[in-house]
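The next block holds one structure in the form of structure tokens; read it before the comments.
The values are calculated or read from the model by the stated rules, or taken from the named source; none is laboratory data. What you are looking at is a predicted structure, and each value in this text was computed from that prediction instead of being measured. Here Cβ is always computed from backbone atoms with ideal geometry, including for glycine, and neighbour counts include all displayed protein chains.
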Amino acid sequence: MKKTKSDSVDAAQDRDLYSGLMRLHILHHAVEGPVFGLGMADELARHGYRISPGTLYPLLHGLTKKGYLRSTERRNGKSLRKVYRATPLGRKALLAAKVKVRELIGELMEGA
């Protein structure tokens, strides 16, 4: 199927709709273990979220600024890599979000 201009506009508009899901996805993985930008971009791409560094890094920085993530720098060969981990506040926020997401999924799937 050929993509039209309106398809790409819809995708750009949908990115705003999905940004909360991407934040939750990032937080979920940061609770499981340390994450870094490129690895998270690859993980999100596996789920259909094609995200540029210009979109991803502000999400990571926003989650850090809100206290959900903490970042440290780790040497990766000759370069430094920022690694993100969930904070206790981030873990608590993810647990609360899971309850809300379950409720929403239930409503979305009713009669589907």
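How about segment 77-97: which of its residues are at pLDDT below 95, basic (Lys, Arg) and surrounded by fewer than 14 Cβ atoms within 10 Å (Cβ to Cβ)?
Filtering segment 77-97 for residues at pLDDT below 95 gives 77-82.
Now narrow it down to the ones that are basic (Lys, Arg): 78, 81-82.
Selection gives Lys78 alone.
Which one of Arg74, Arg70 is at pLDDT below 90, basic (Lys, Arg) and in a strand (DSSP E or B)? Give the steps one after another, and end with the answer.
Numbers: Arg70 fails: at pLDDT below 90.
When all the criteria are applied, what remains is Arg74.
Would you check which residues across segment 15-61 are closer than 23 Å to Lys92 by Cβ, in contact (Cβ under 8 Å) with a residue 12 or more places away in the chain, over 11 Å from the mean Cα position of the chain (by Cα) and in a helix (DSSP H, G or I) and list them?
Passing the criteria: only Val31.
Cβ contacts < 7 Å: first residue over 22 Å from His61 (Cα atoms) and free of Cβ contacts under 8 Å to residues at least 24 places away in the same chain, restricted to segment 85-112; second residue in a helix (DSSP H, G or I) and among the aliphatic types (A, V, I, L, M), any location; separation 6+ or different chain. Result?
Listed pairs, sorted by first residue: none to list.
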